[in-house]
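Below is one structure; the comments refer to it alone.
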Amino acid sequence: MSRETPGGGEPIGPLDWLKLLPFAPAASSHRLGWAGLEAARNRAVPASELHAPAITHHRLILFSRPPEELDLLYEGVKRHVPPPAGAILVVPAGSPTLWRWSGSFHSLHIFLEPGLFARVGAEAFGLDPARVTLPPLDGLDLPHLRAAMLAVDAELTAGGAGGGRLAAESLANVLAVHLIRHVLAPRRPERGRDGALPRGRLRAVVDYVEGHLDAGPSLGRMAAVARLSPYHFSRQFKAATGLPPHQYVIMRRVERARQLLQAGTDLSLAEVALHAGFSDQSQFCHHFKRLAGVTPGLFRTPSRIT
């Protein structure tokens with residue numbers, strides 16, 4: 001394998017980067033409208049060599065099944081053996097990579113916006129956002145970071161039936177916190193725990209959510225209503241309600257759907273899903289059955305009989 005630094009020119013976006021791969025991802029966040037991060041899952045990738053250009057985002061790579069052989073070169077990292085299953089590699093934004101492997105492998109790639117990473121560093125750790133950097137990291141074994149990455153993978157599997165854009169925003173913040181905590185430890189601890197969101201601000205956020213269920217409330221807008229940063233808002237909101245923002249929004253959408261179904265209207269299930277703020281009927285049915293215990297059709301049947 002050539003030892004020269006691969007790539008050149010201006011960094012490209014993660015979705016453009018995926019188009020250059022000699023294989024198609026098994027799943028990706030393309031068309032999901034995520035904010036703060038993108039992701040792609042690769043399965044049974046055949047042996048190949050890849051000179052990958054630099055991209056605009058930080059990249060986290062989780063090896064669920066490593067290849068039989070692997071040579072990997074990027075910004076200070078030279079790996080000539082496969083990492084163990086569950087290991088995480090971090091390629092900073094702007095770093096081209098050179099890959100060569102034999103034997104198929106499974107991996108998850110998550111692309112994190114540097115701007116979001118810097119903002120979380122400032123909000124959670126008091127860092128100067130202009131100086132927040134992510135170094136190249138190799139062979140990490142961090143259970144909390146791995147769990148957050150697997151949560152992103154679960155959203156990919158849901159394909160929009162999970163928390164969608166709001167869940168992606170929340171998970172991007174969580175990933176950034178775990179990465180910064182690892183890079184800084186033990187030099188600078190995370191700032192003290194947030195308390196619960198004050199009652200007046202919580203009421204304002206709840207009113208905003210109720211008025212925008214069909215439009216898709218964003219984490220940034222919810223935080224703005226509470227006059228907090230997204231990072232601190234998420235922590236204080238969960239402390240006040242017991243739920244992360246995206247799960248709370250799903251719960252309220254299911255409750256609105258229950259009300260519509262109980263009203264005995266002639267709306268179809270697809271129309272109920274739309275009025276409740278779900279992107280499609282499949283997403284609606286998935287969450288309704290998960291929270292209500294029955295499908296929307298069975299839930300509506302008794303009221304129609306009555």
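The values are calculated or read from the model by the stated rules, or taken from the named source; none is laboratory data. If you're wondering where the values come from, they're calculated on a predicted model, not measured in any experiment. Here Cβ is always computed from backbone atoms with ideal geometry, including for glycine, and neighbour counts include all displayed protein chains. Note: areas computed on protein heavy atoms with side chains; ligands, DNA, RNA excluded. Shrake-Rupley method; radii C 1.70, N 1.55, O 1.52, S 1.80 Å.
For a quick check of your reading of the filter: which trypsin sites (Lys or Arg not before Pro) in segment 192-225 sit in a DSSP loop and have no more than 13 other Cβ atoms within 10 Å?
Within segment 192-225, the qualifying trypsin sites (Lys or Arg not before Pro) (loop, at most 13 other Cβ atoms within 10 Å) are ARG193.
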The size of the Cβ-based charge dipole (Lys, Arg +1; Asp, Glu -1) of segment 104-253 about the Cα centre, to the nearest 20 debye, is 600
The answer for segment 163-281, accessible area per residue at 1.4 Å probe in Å², is 49
To the nearest 20 debye, the chain has a Cα-centred charge dipole, built from +1 on Lys and Arg Cβ and -1 on Asp and Glu Cβ, of 1020
Around PHE111 (Cβ within 10 Å, Cβ-to-Cβ, excluding PHE111; K/R +1, D/E -1) the net charge comes to -1
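Ranked from the most accessible area to the least, with a 1.4 Å probe and all protein chains present, what is the order of HIS51, HIS106, HIS58? Don't skip to the end; give the middle numbers.
Working: HIS51 100, HIS106 45, HIS58 15 Å².
Largest accessible area first, the residues go HIS51, HIS106, HIS58.
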A correct Karplus calculation of ³J(HN,Hα) over segment 33-39, with 6.51 cos²θ - 1.76 cosθ + 1.60, θ = phi - 60°, whole Hz and x for Gly and Pro, returns x, 5, 10, x, 7, 10, 8
Counting Lys and Arg as +1 and Asp and Glu as -1 over every other residue whose Cβ sits under 12 Å from the Cβ of SER102, the net charge comes to -3
Sites removed, the longest contiguous part of the chain containing no DSSP-loop GluC sites (Glu not before Pro) with at most 12 other Cβ within 10 Å is 69-306
CD proxy, 222 nm, the chain: helix-only mean residue ellipticity via -39,500 (n - 2.57) per DSSP H run with n ≥ 4, per residue, nearest 500, stands at -14000 deg cm²/dmol
Honestly segment 42-125 on the Cα gyration tensor test (a ≥ b ≥ c root eigenvalues; a/c under 1.5 rounded, otherwise a/b vs b/c for prolate or oblate) is just prolate
Helix 245-262: inclination vs the chain longest Cα principal axis, degrees, rounded to 10, gives 30
Tilt, helix 199-211 to longest principal axis of the chain (alpha-carbon atoms), in degrees rounded to tens, equals 80
Counting only DSSP loop positions in segment 14-117, the trypsin sites (Lys or Arg not before Pro) whose Cβ has at most 14 other Cβ atoms within 10 Å are ARG31
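Report relative contact order for the chain in percent, whole number only (criteria: Cα-Cα under 8 Å, sequence separation at least 6).
The normalised contact order for the chain reaches 15 percent.
Carbon-plus-sulfur fraction of the accessible area of the chain, 1.4 Å probe, in percent?
53
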In the neighbourhood of LYS19 defined by beta carbon distances under 14 Å, the net charge of the other residues (Lys, Arg +1; Asp, Glu -1) is -1
